[in-house]
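Heads up, the thing below is written out as structure tokens.
The values are calculated or read from the model by the stated rules, or taken from the named source; none is laboratory data. As the structure is a prediction and not an experimental result, all values here were calculated from the model. Cβ placement follows ideal geometry from the backbone for every residue including glycine, while neighbour counts extend to all protein chains displayed.
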Amino acid sequence: MSAKGHISLLGLIIFSSSLTGTTAETRVFRSSGENVSLPCINALSDCTSTTWNYNKHSSSAVVELIGLGIKNKNTERAEKLSLGSDCSLNIYKTTEDDRGQYTCRQYVKDKQHGTDALVFLYVLHVSSSSSSQTETKPGRSLTLTCQLLPYEDSGNTLVHSDGIQLFWVNQAGVNLQTDSEYQISRSGHCFIALSTTLQNEDNNTEWRCLVKKMKETKTSASYTVKFRGPSDPNPAVTTTNYETISTINASESEGSKICVSLYRVIIVIVEITAFAAPTVILLQIVCTERAENRRKTP
């Protein structure tokens, strides 16, 4: 559909809602960690008339996030919220706690103008059974869970009526439902798990969870396997090898010190010997001459 078609459709929604008095509804899907902008389709030209309310459950209390164009700084998520120039509600890095129902309402002269515009935010979250990367290596089993967190109404009728389904696909986009290497399990419309035994070739492999409404992909979240170090690390051997090398180096160092010391002693002995030899010879000559002189004396 062209941009003009989208604008016309949006105008039709607003127009039909004003005629029938019904509330306009929008579904928004995002994966955990993404930014999102929730549209306010009943906004007036001036956002000072706009108020955004939020409730996580159908039975929970309503929280005012934006009041007449001004952000309520006393809410828990105030630092990650902002009002767009088109009166949309911007949420920075969505989390599981952001899912729920958002209501955009207009006030003119302290009275509500028109009908509410509802936005239901669904948050997709993927997690791994591995508590740390050191457990992610060939031969280990891995389970990935993918959960779509919707507005919690009575019986999640919104999810059922929307025809939402979750799928696991590989890097090429191929559905893994019928692949014998993987075990796929489901629980209702909002939960799907993938289990497999990791192989050497799985390093840097990406698996992706898709949210589909009929054949249209609404959002997705991925998990990439990254092996750390050798496939079968043995710290004891590594430590032992290191210690052995250190011992050899230490022995070589001690041997070198001994050799240097002996060399210095030898040099001293040689120097003393070289100096003493002429002295001994000279003394021998003097002693011999004195002996001869004594014999010649009567």
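Only a single criterion out of (1) without any contact (Cβ under 8 Å) to a residue 12 or more places away in the chain; (2) not in a strand (DSSP E or B) is not satisfied by S85, namely (1).
If you scan region 210-230, which residues turn out to be farther than 18 Å from I164 by Cα and either out of contact with any strand residue (DSSP E or B) (no Cβ under 6 Å at 6 or more places or on another chain) or assigned to a loop (DSSP other than H, G, I, E, B) (or both)? Correct list: V225, K226, F227, R228, G229, P230. Remark: V211 matches the filter, which requires a residue to be at pLDDT 90 or above and surrounded by 14 or more Cβ atoms within 10 Å (Cβ to Cβ). Taken as a whole, the structure leaves I70 outside the set of residues that are buried (at least 17 other Cβ atoms within 10 Å of the Cβ) and either at pLDDT 95 or above or over 24 Å from V126 (Cα atoms) (or both).
Looking at the structure I just gave you, is S130 of a type in the set (G, A, S) and either part of a strand (DSSP E or B) or more than 22 Å from the chain's Cα centre (by Cα) (or both)? Please lay out each step first, then the result.
On the way: of a type in the set (G, A, S): yes; either part of a strand (DSSP E or B) or more than 22 Å from the chain's Cα centre (by Cα) (or both): no.
So S130 fails the test.
Of all residues in region 35-63, those being in a strand (DSSP E or B) and surrounded by fewer than 16 Cβ atoms within 10 Å (Cβ to Cβ) number 2. Inspection of region 122-135 identifies at least one residue that is within 30 Å of T224 (Cβ to Cβ), assigned by TED's automatic domain parsing to the domain that holds Y151 and among the acidic types (D, E).
Specify the residue that is nearest to C104 (Cα to Cα); the eligible residues are those in region 36-82 that are touching a residue at least 60 places away in the same chain (Cβ under 8 Å) and among the hydroxyl-bearing types (S, T, Y). For region 36-82, the residue satisfying everything is S49.
A residue that is farther than 20 Å from S31 by Cβ, assigned to a loop (DSSP other than H, G, I, E, B), within 20 Å of the chain's Cα centre (by Cα) and modelled with pLDDT under 95 occurs nowhere in region 171-190. Taken over region 107-124, the criterion of being surrounded by 15 or more Cβ atoms within 10 Å (Cβ to Cβ) and of a type outside the set (S, T, Y) is satisfied by G114, D116, A117, L118, V119, F120, L121, V123, L124.
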